[in-house]
């Protein structure tokens, strides 16, 4: 049988919360860097909490752990919630006490700032129309419920400048910043960087984005003079924004 669509392949790893058949779908491949960074951040902070090398993160019985508090994570820029659901799926599979905060306007990209107008490509659609409006908090809630991971997520609607201050003043083992524009990146980094424990990870979805070059400017501006370096992960062939970046907190 030569038709890939009608060929049934075994999952690449039955223990994975993302059993994927061959050939991998573009949506699955797109999530690989995010999945890798989330698991690495969780493993790093689990190691620190246990004070020893932990067993495999996935499937660790919660009774074996003596955690002072739940593990916290965040995603800044949720859109339709596919990345958030992927991380929540990993949280559920780990059987650890994890809570992920999902921040977004859930109504589209916020107003551009001066740096955004300076760096935006001259033909960028978002200069004249508001992108990412084809979502809603109800849509994201529905996805989380359908995946059975709603207990691991708290959705926080609104602008970051208003909602970040409402989050717990605690440590966050993982943060995914996927908010496109300059000021929102700075706001998120100013909040989460000092709350990131050693080994925690900040994931940058848009560092290599051609459409939103202001993301790289914001990250470079914030990280200038700080000791951490960026790691870069690419999935599939070269293409716009197919390379992702992340940092591990020293």
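The values are calculated or read from the model by the stated rules, or taken from the named source; none is laboratory data. No experiment lies behind these values; they were computed from the predicted model shown. Cβ: placed from backbone, ideal geometry, glycine included. Neighbour counts: every protein chain shown.
Remarks
- Residues satisfying the stated conditions in the range 151-191, i.e. surrounded by fewer than 22 Cβ atoms within 10 Å (Cβ to Cβ) and touching a residue at least 60 places away in the same chain (Cβ under 8 Å): 155, 163, 164, 167, 168, 170, 171, 183
- Those strands (runs of 3 or more DSSP E) lying entirely in the range 161-245 with at least 2 residues farther than 25 Å from residue 127 by Cα and either modelled with pLDDT under 95 or over 15 Å from the mean Cα position of the chain (by Cα) (or both): 230-234
- Residue within the range 216-223 that is buried (at least 23 other Cβ atoms within 10 Å of the Cβ) and under 20 Å from residue 34 (Cβ atoms) present: yes
- If you check 103, 72, 109, 40 for being under 26 Å from residue 189 (Cβ atoms), buried (at least 17 other Cβ atoms within 10 Å of the Cβ), at pLDDT 80 or above and over 16 Å from the mean Cα position of the chain (by Cα), only one passes: 109.
- Residue 116 being modelled with pLDDT under 95 and surrounded by 14 or more Cβ atoms within 10 Å (Cβ to Cβ): no
- Just one of the listed residues (140, 145, 115, 154) is assigned to a helix (DSSP H, G or I) and in contact with a strand residue (DSSP E or B) (Cβ under 9 Å, 6 or more places away or on another chain), namely 140.
- Scanning the range 119-137 for residues being part of a helix (DSSP H, G or I) and loosely packed, with under 13 Cβ neighbours inside 10 Å gives a total of 2.
- Checked against (1) farther than 20 Å from residue 200 by Cβ; (2) part of a helix (DSSP H, G or I); (3) touching a helix residue (DSSP H, G or I) at 6+ places or on another chain (Cβ under 9 Å); (4) in contact (Cβ under 8 Å) with a residue 24 or more places away in the chain, residue 90 passes all but condition (1).
- Which numbered condition residue 83 fails, given (1) surrounded by fewer than 22 Cβ atoms within 10 Å (Cβ to Cβ); (2) in contact with a helix residue (DSSP H, G or I) (Cβ under 8 Å, 6 or more places away or on another chain); (3) modelled with pLDDT under 95; (4) assigned to a helix (DSSP H, G or I): (1)
- The range 231-241, subset in contact with a strand residue (DSSP E or B) (Cβ under 6 Å, 6 or more places away or on another chain) and surrounded by 15 or more Cβ atoms within 10 Å (Cβ to Cβ), residue nearest to residue 193 (Cα to Cα): 231
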